[in-house]
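The values are calculated or read from the model by the stated rules, or taken from the named source; none is laboratory data. This one's a predicted model, so the numbers in the text were calculated from it and none came from an experiment. Cβ atoms come from the backbone with ideal geometry, glycine included; neighbour counts cover every protein chain shown. Just the protein is used for accessible areas: all its heavy atoms, side chains included, with ligands, DNA and RNA removed. Shrake-Rupley method; radii C 1.70, N 1.55, O 1.52, S 1.80 Å.
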Amino acid sequence: MLMNLCRCLVVVLAAGWCLAAEAGVQAVLDGLQPGDTHTLPPGDIPPFRVPVADVTVRCSGATVIDGGGTGNAVTITAPGVRLTGCTIRNWGADLNELDTGIFVARDATGTVIEGNTLTGPGFGIWLDATPNVTVRHNRIQGDTNLRSQDRGNGIHLFNTQAARIEGNHIRQTRDAIYVETANHNEILNNVMTDLRYGIHYMYSHSNRLEGNLTRNTRTGYALMQSKRLTVVNNRSEGDRNYGILMNFITQSEIRNNVITGVRQGQSAGVDIEGAEGKAVFIYNSLYNTFSGNVFRDSDIGIHLTAGSEDNRVFANAFIDNRRQVKYVATRTQEWSEAGQGNFWSDYLGWDRDQDGVGDVAYEPNDQVDRLLWTYPEARVLMYSPAVDTLRWVQRAFPVVKAAGVADHHPLMRVPTTLEVE
């Protein structure tokens, strides 16, 4: 009985200490004045909110903000707050309730979240229609005890305007950065690994995506139902299924990106149907410009389908992809501009005048390709003498020519600006 009484006393004292600690931290934060800087003390700190505008809250090296396994760890509700240098862990896992490591409310305009380390199951940082937020140099890791689809996104922008998301390292969340109905934002120089999608756009316009790196994701950059995106100088290394996936993207610029080593993903050891390793997959996307990109060492360099026409494609390098182009449509597309086409590592033409441009067009697809796409089971014959004979007959007697991609000005060498290791 005495032992049970002691246990009860310990529990009561512990609960009382937690309540006192929570009340103490929150009371201090409630009492701050605009312009104040407050350093949280060492040790475990319970969840809190920052309700005062224009304050800086920072952590000592030994401070840990522990969310207690439910809800948000930190909630920012006032404008102009700066949260920096904190370790945050163990917030809630309920995605329907938007459980988040750092939740930034819509009135918290101008918030800066910098140099924090977050580890937890739900969303890492949620920007809730908050304008002009800066999120930079944070490290975010999801909970690997959960299935990928049950984890929160690393950084989630909902209806956010003019945010700057820069220099963050995100791994093992669901998606690293999810951009939902959010316009005029910049996502710069982030590193994202071991995810479903690195960056995921939905219904978001006039955003800039620059200098980011994805590695070992199931899709590097998933761009969907958006327009006027500027996607420049990004890298996808060893991603599965898709390096860049574009679904109903219009009026966008895809420039100077390097996509390498995309292979078909597997689920429980089984190939995912229709998800061959595509450096770029373009579905129902029109009026976009692709220039200065390198698509290299992937199962398919570029796949266009479902009306993906009237795109400008020039000055790119297609290097050592198992299949350079898969084009499923009914109109011939010219992939060159102002006498400049693309570099194709499997181009077999010649350059008699030595001007650096091939004298015969590069046409990657023919009727045999279409036959194999229509009847995938016929792929077992791809390298057979029968298929070689069909290709020879088609070249010798081009009575019916399939609509497809044509590059009438193929480059004989990779431009020096596109050379990669």
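Quick notes
- Within the stretch 114-135, at least one residue is assigned to a loop (DSSP other than H, G, I, E, B), within 17 Å of residue 189 (Cβ to Cβ) and in contact with a His (Cβ under 7 Å, 6 or more places away or on another chain).
- Residue tally, condition of a type in the set (S, T, N, Q), closer than 20 Å to residue 70 by Cβ and out of contact with any strand residue (DSSP E or B) (no Cβ under 8 Å at 6 or more places or on another chain), over the stretch 114-143: 0
- Residues of the stretch 97-111 that are over 13 Å from residue 168 (Cβ atoms) and either touching a Cys at 6+ places or on another chain (Cβ under 9 Å) or part of a strand (DSSP E or B) (or both): 100, 103, 104.
- Residue in the stretch 297-313 that is within 20 Å of residue 412 (Cβ to Cβ), out of contact with any strand residue (DSSP E or B) (no Cβ under 6 Å at 6 or more places or on another chain) and touching a residue at least 24 places away in the same chain (Cβ under 8 Å) present: no
- Yes/no for residue 313 being at pLDDT 85 or above and either open to solvent by less than 30 Å² (accessible area, probe 1.4 Å) or of a type outside the set (Phe, Trp, Tyr) (or both): yes
- Residue pairs meeting the criteria (Cβ under 9 Å; at least 6 apart or on separate chains; first under 15 Å from residue 245 (Cβ atoms), in the stretch 170-198; second among the small types (Gly, Ala, Ser) and surrounded by fewer than 18 Cβ atoms within 10 Å (Cβ to Cβ)): 195/148; 196/148
- Residue that is nearest to residue 408 (Cα to Cα) [pool: residues in the stretch 344-361 that are open to solvent by less than 40 Å² (accessible area, probe 1.4 Å) and small (Gly, Ala, Ser)]: 361
- Test: residue in the stretch 228-250 that is over 15 Å from the mean Cα position of the chain (by Cα), assigned to a loop (DSSP other than H, G, I, E, B) and among the hydroxyl-bearing types (Ser, Thr, Tyr): no
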